[in-house]
1. Need pairs with beta-carbon distance below 7 Å; first residue under 13 Å from residue 37 (Cβ atoms) and open to solvent by less than 70 Å² (accessible area, probe 1.4 Å) and within region 10-22, second of a type in the set (Gly, Ala, Ser) and modelled with pLDDT of 95 or more; sequence gap 6+ or separate chains.
2. Right, residue 43: within 19 Å of residue 132 (Cβ to Cβ) and surrounded by 15 or more Cβ atoms within 10 Å (Cβ to Cβ) or not?
3. Quickly run through region 65-95 and pick out the residues that are open to solvent by 30 Å² or more (accessible area, probe 1.4 Å) and of a type outside the set (Gly, Ala, Ser).
4. Just checking: which of the helices (runs of 4 or more DSSP H) contained wholly in region 96-198 hold 2 or more residues that are at pLDDT 85 or above and exposed (fewer than 12 other Cβ atoms within 10 Å of the Cβ)?
5. Considering only region 1-72, give the strands (runs of 3 or more DSSP E) lying wholly within it that have at least 3 residues that are in contact with a Leu (Cβ under 8 Å, 6 or more places away or on another chain) and of a type outside the set (Ser, Thr, Tyr).
Amino acid sequence: MIGYLKGTVAAIQKNSSNRVILLLETNNIGYEVQIVPRMIAKLPATGEFVQVFTHLQVREDQMILYGFSSLAERDLFRQLVSVSGIGTQLAIALLNTLELPELVQAIVNENTKILAKTPGVGSKTAQRIALELKTKLAQWREEAGLTTVVSSGLTMEVQEEIEMTLLALGYTGSEVMQALEVLSQEQQLSSQTSTEEWIKRAIAWMAEEFK
């Protein structure tokens, strides 16, 4: 319903539940937006302009706005709360404990040990997150039309992991495919190169190409 808000930072507070609240003034209205605590470091000073991507939760007794620094982070939050047993506060905790690329890769690689670093996430919950979200990311990849095998020597499984990670980080299917096609021509990148390095190089290439 509310995709994002643009306005000035009026205040940053912690409420009685120790949750971080951004008070954002937009058109003379102050919106209370719960944010991921690590987002504080990315916010400008009080009185300065900022754009915050939002998710609106409507309950019988109240409406709550959640705010994120990027569209990809907001979309992953929505995916997380769609997992059975994962509420909004646990999703916020996951996003606060792990950097977005680390969290996405943990899901794609089904690395439950990394997911379980988050307070409140036990092994069974981590397994459920990895299983349900990897399935959704795979469907997302198919919907994006990523079906071409690049001529890099990568196995299909590794290429899929790279593509799912980049899609979840907010890149489009065409951007991802262009990046992999270009990088597959680089001799220093091969089937032996780690997926993390492929992802890092792809992000660097897209940041330069699509700036």
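1. 22/67
2. no
3. Scanning region 65-95 gives 71, 75, 78, 79, 81, 89, 90.
4. So the answer is 123-143.
5. Per the criteria, 4-14, 29-35, 49-58, 63-68.
The values are calculated or read from the model by the stated rules, or taken from the named source; none is laboratory data. Given the structure is predicted, the values throughout are model-derived calculations rather than measurements. All Cβ positions, even for glycine, are placed from backbone atoms using ideal geometry, and neighbour counts span all protein chains on display. All accessible areas refer to the heavy atoms of the entire protein, side chains included, with ligands and DNA or RNA removed. Shrake-Rupley method; radii C 1.70, N 1.55, O 1.52, S 1.80 Å.
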